[in-house]
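The values are calculated or read from the model by the stated rules, or taken from the named source; none is laboratory data. This is a predicted model, so every value here is computed, not measured. With ideal geometry, Cβ positions are generated from the backbone for all residues, glycine too; neighbour counts draw on all protein chains shown.
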Amino acid sequence: MGTPLFEFYCPVKIISGDLALANVPHEMEQLGTKRALIVTDKGVAGAGLIKYVEMAFEGSGCEIGAIFDETPPDSSNRIVNKVAELFKEKKCDCFVAVGGGSCMDTTKGANIVVSEGTDDLMKFQGADRISRQLKPFMAVPTTAGTGSEVTLVAVIYNEDKNCKMAFTSDRLLPNAAFLDPRMTMSLPPKITAATGMDALTHAVEAYFCLQKNPVSDAFAISAIKLIMANIEKATEKGDDVTARLNMANGALLAGIAFSNSMVGVVHSLAHATGGVCHVPHGVANSIFLPYGMEQNLEKCSATIAELSPLLCKTPPSGGSVEKAKCCIQSIRDLADRLNKLCGLPTRLRDTGVKETDLPEIAKLTINDGSLVYNPEELTFDEALEILKKAF
Amino acid sequence: MITRRHRKHRCYISRFSGTGSPEGERTMKLSISEIFNLDYGIKKSIASTALLALSVTYEMVSKKSRELKDEISSWEDGRTFALGVLKDGPSITLMKKGDRIKYLGKGIQGDPAITIYFKNIDSALMVFIGLIGAHTASVQRRVIVHGDLSKTMEVMRTMNIVQMYLMPGIVLKKTFKRPPELSGKQLALKAQIYAGLVPGLILSGSK
């Protein structure tokens, strides 16, 4: 009983690079589909990014059945049902999500509704509850952060029950992901930095949390290399195509890593802070990452120290604790540099969180599912202590 | 295959005196790792008994433990949760009633808010005989959860409290992220739980 069991699964076809989007119709044909429902949001549509998708369909034999551009920042069951209705009404046969995490999650939810023939997502909450083959689904991320294009998770807010529903299933993974640098070029510096730090958090937590395994480690390490080398370039000079694509690839690799090895206390704190105070996920992760690493230092210093060649400019020659502390300091330094570059917050108080919100955030933190995968235990008092430090 | 690590952790769960051996009395020893080679029926019986013991302990601990009462104080009355083994393995259902947890019986009763399933009987046994903790079973994807994840975390915390009283200290040290240090009062309650376990199993066995 000495070898821990692990699973790894990522069947997503990755098409990454210049003009990657032009391959969408070809991949649709490979999947036996002809008519796509595009799911996006006002921001993406307003930035003119949908035109790249439309251009790809010209002369292809495939067509766009409809474009849904009303996805809100936090997806809900009402929106999901609306998308599913549109899919059926326009007789579409596949989904193409163009956007960030919310668009991906909305599409995943709508796909469950359409494929399972239901309008009640509640009964699919939890793990492995989707029993039917879902409709073909292609993902076009417009941020380099969430990694939703390669994750098997969807989180959707239930407006009727006032709660968040989480779904995990291998079936939720898209069939293909298209990383086209054109799609992230117009991201403002602050969002570039926040989503990039989100991706870095995915990779770092995937590397030291309990479900880590040799396969996910490989993805996490590659992700950290790419992100550390490109996050400041992409933030400072948004039209640097190479930096943008490297960040997109880094976020995807981090997504594969954490979809298979999960994340820990940093995400629990970020989910809770988002839930109570609507702090953007990437911003919260950026603030909490060094504190989360510190919280696990005693149990994981050797593992975190392995990242020192990737995170530290000059890794110390001492023991694992010194190296791990250097990693934590390097992440703090990076956040400070990003703060100077684009105003990315480094303290909770700068995100609109009030000190009186902290107990409520701590309460939600200890009920967050990611905490299972955190190496160290976390009590309410300890969560509150971290929040106070981060404030 | 028995590895070095297996040998290191080998402990004997039962001993049978053999008879009729020309060499005299022979002792048959069954190591923990060999339990997984037993017939499914035997493994199912062990898992059923372990689940029943968990249920009985839930009821007893929730009567007397302040920390468990505090933990479930925010739960809605009537919240049910179940624990079982896929696909046709044993299962139990429990419910919050007042400030206590009540054992509803074997099987999945009604439509529980939370159901925690072990993917197979071997994974369940690993937890029940103390080879791995509940969180490790989750981490290794040996269990799946149906229902709200946040409520599941609440259920898992209560399960940790119950296991604190049910499992021997040596197992807690091995299976908990942070092994609990029991106060004198808690140790006294643990002794009461152990004393009441067998009668409790007999009384609840018919449910």
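Tabulated values for the structure
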| item | result |
| --- | --- |
| Helices (runs of 4 or more DSSP H) completely within the stretch B:99-207 that count 2 or more residues being within 11 Å of chain A (Cβ to nearest Cβ) | B:121-128, B:134-139, B:149-166 |
| Subset of the stretch A:163-191 (residues that are within 12 Å of chain B (Cβ to nearest Cβ), surrounded by fewer than 22 Cβ atoms within 10 Å (Cβ to Cβ), free of Cβ contacts under 8 Å to residues at least 60 places away in the same chain and not small (Gly, Ala, Ser)) | A:Cys163 |
| Conditions (1) closer than 17 Å to A:Ala257 by Cα; (2) surrounded by 24 or more Cβ atoms within 10 Å (Cβ to Cβ); (3) in contact with a Ser or Thr (Cβ under 6 Å, 6 or more places away or on another chain); number of the one not met by A:Thr143 | (1) |
| Matching entry among B:Lys173, B:Lys190 (being among the basic types (Lys, Arg) and either free of Cβ contacts under 8 Å to residues at least 12 places away in the same chain or surrounded by fewer than 17 Cβ atoms within 10 Å (Cβ to Cβ) (or both)) | B:Lys173 |
| Qualifying residue in the stretch A:221-232 (condition: of a type in the set (Gly, Ala, Ser) and in contact (Cβ under 8 Å) with a residue 40 or more places away in the chain) | no |
| Selection count where residues are free of Cβ contacts under 8 Å to residues at least 40 places away in the same chain, closer than 15 Å to A:Pro136 by Cα and surrounded by 21 or more Cβ atoms within 10 Å (Cβ to Cβ), scope the stretch A:75-113 | 2 |
| Those residues of the stretch A:211-240 which are under 29 Å from B:Ser138 (Cα atoms) and in a helix (DSSP H, G or I), in sequence order | A:Pro214, A:Val215, A:Ser216, A:Asp217, A:Ala218, A:Phe219, A:Ala220, A:Ile221, A:Ser222, A:Ala223, A:Ile224 |
| Filter pass, B:Tyr165 being under 25 Å from A:Leu152 (Cβ atoms) and buried (at least 20 other Cβ atoms within 10 Å of the Cβ) | no |
| Among (1) away from chain A (no Cβ under 14 Å); (2) of a type in the set (S, T, N, Q); (3) more than 26 Å from B:Lys64 (Cα to Cα), the one test that B:Ser91 misses | (3) |
| Matching residues, the stretch A:56-88, being assigned to a helix (DSSP H, G or I) and under 21 Å from A:Leu187 (Cα atoms) | none |
| Qualifying residue in the stretch A:118-130 (condition: under 24 Å from A:Glu27 (Cβ atoms) and part of a strand (DSSP E or B)) | no |
| So A:Glu29, is it of a type in the set (D, E, K, R), within 14 Å of another protein chain (Cβ to nearest Cβ) and either assigned to a helix (DSSP H, G or I) or touching a residue at least 60 places away in the same chain (Cβ under 8 Å) (or both) | no |
| Boolean, A:Val276 is among the β-branched types (Val, Ile, Thr) and either within 18 Å of A:Gly147 (Cα to Cα) or modelled with pLDDT of 95 or more (or both) | no |
| B:Leu125 vs. criteria without any contact (Cβ under 8 Å) to a residue 12 or more places away in the chain, farther than 18 Å from A:Glu7 by Cα and buried (at least 21 other Cβ atoms within 10 Å of the Cβ) | no |
| Residue match in the stretch A:150-162 (condition: within 26 Å of A:Lys190 (Cα to Cα), in contact with a Pro (Cβ under 8 Å, 6 or more places away or on another chain), touching a residue at least 40 places away in the same chain (Cβ under 8 Å) and not in a strand (DSSP E or B)) | yes |
| Condition broken by A:Asp120, with the remaining ones in (1) within 14 Å of another protein chain (Cβ to nearest Cβ); (2) within 20 Å of the chain's Cα centre (by Cα) satisfied | (2) |
| Checklist (1) buried (at least 22 other Cβ atoms within 10 Å of the Cβ); (2) part of a loop (DSSP other than H, G, I, E, B); (3) within 12 Å of chain B (Cβ to nearest Cβ) applied to A:Pro375, failing item | (1) |
| Filtered residues of the stretch A:227-248 (kept if closer than 30 Å to A:Leu5 by Cα and surrounded by fewer than 24 Cβ atoms within 10 Å (Cβ to Cβ)) | none |
| Among the residues listed as A:Thr346, A:Thr314, A:Thr356, the single one being part of a loop (DSSP other than H, G, I, E, B), farther than 22 Å from A:Glu236 by Cβ and not hydrophobic (A, V, I, L, M, F, W, C) | A:Thr314 |
| Selection from the stretch A:323-352 of residues that are closer than 17 Å to A:Ile191 by Cβ and within 22 Å of the chain's Cα centre (by Cα) | A:Leu334, A:Ala335, A:Leu338, A:Asn339, A:Cys342, A:Gly343, A:Leu344, A:Pro345, A:Thr346, A:Thr351 |
| Residues within the stretch A:381-390 that are surrounded by fewer than 22 Cβ atoms within 10 Å (Cβ to Cβ) and either touching a strand residue (DSSP E or B) at 6+ places or on another chain (Cβ under 6 Å) or within 14 Å of chain B (Cβ to nearest Cβ) (or both), tallied | 2 |
| Which numbered condition B:Ile92 misses (of (1) surrounded by 20 or more Cβ atoms within 10 Å (Cβ to Cβ); (2) out of contact with any Leu (no Cβ under 6 Å at 6 or more places or on another chain)) | (2) |
| Test: residue in the stretch A:192-210 that is over 16 Å from the mean Cα position of the chain (by Cα), within 14 Å of chain B (Cβ to nearest Cβ) and part of a loop (DSSP other than H, G, I, E, B) | yes |
| Within the stretch A:257-311, helices (runs of 4 or more DSSP H) holding 2 or more residues that are under 16 Å from the mean Cα position of the chain (by Cα) | A:265-277, A:281-295 |
| Residues located in the stretch A:1-26, provided they are more than 21 Å from the chain's Cα centre (by Cα) and away from every other protein chain (no Cβ under 14 Å) | A:Asp18, A:Leu19, A:Ala22, A:Asn23, A:Val24, A:Pro25, A:His26 |
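A quick yes/no check of all residues on (1) away from chain B (no Cβ under 13 Å); (2) crowded, with 16+ Cβ neighbours inside 10 Å; (3) over 24 Å from B:Lys177 (Cα atoms):
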{"residue": "A:Ile304", "(1), (2), (3)": "yes, yes, no"}
{"residue": "A:Cys312", "(1), (2), (3)": "yes, yes, yes"}
{"residue": "A:Pro315", "(1), (2), (3)": "yes, yes, yes"}
{"residue": "A:Cys326", "(1), (2), (3)": "yes, yes, yes"}
{"residue": "A:Leu348", "(1), (2), (3)": "yes, yes, yes"}
{"residue": "A:Gly352", "(1), (2), (3)": "yes, no, yes"}
{"residue": "A:Lys363", "(1), (2), (3)": "no, no, no"}
{"residue": "A:Thr379", "(1), (2), (3)": "no, no, no"}
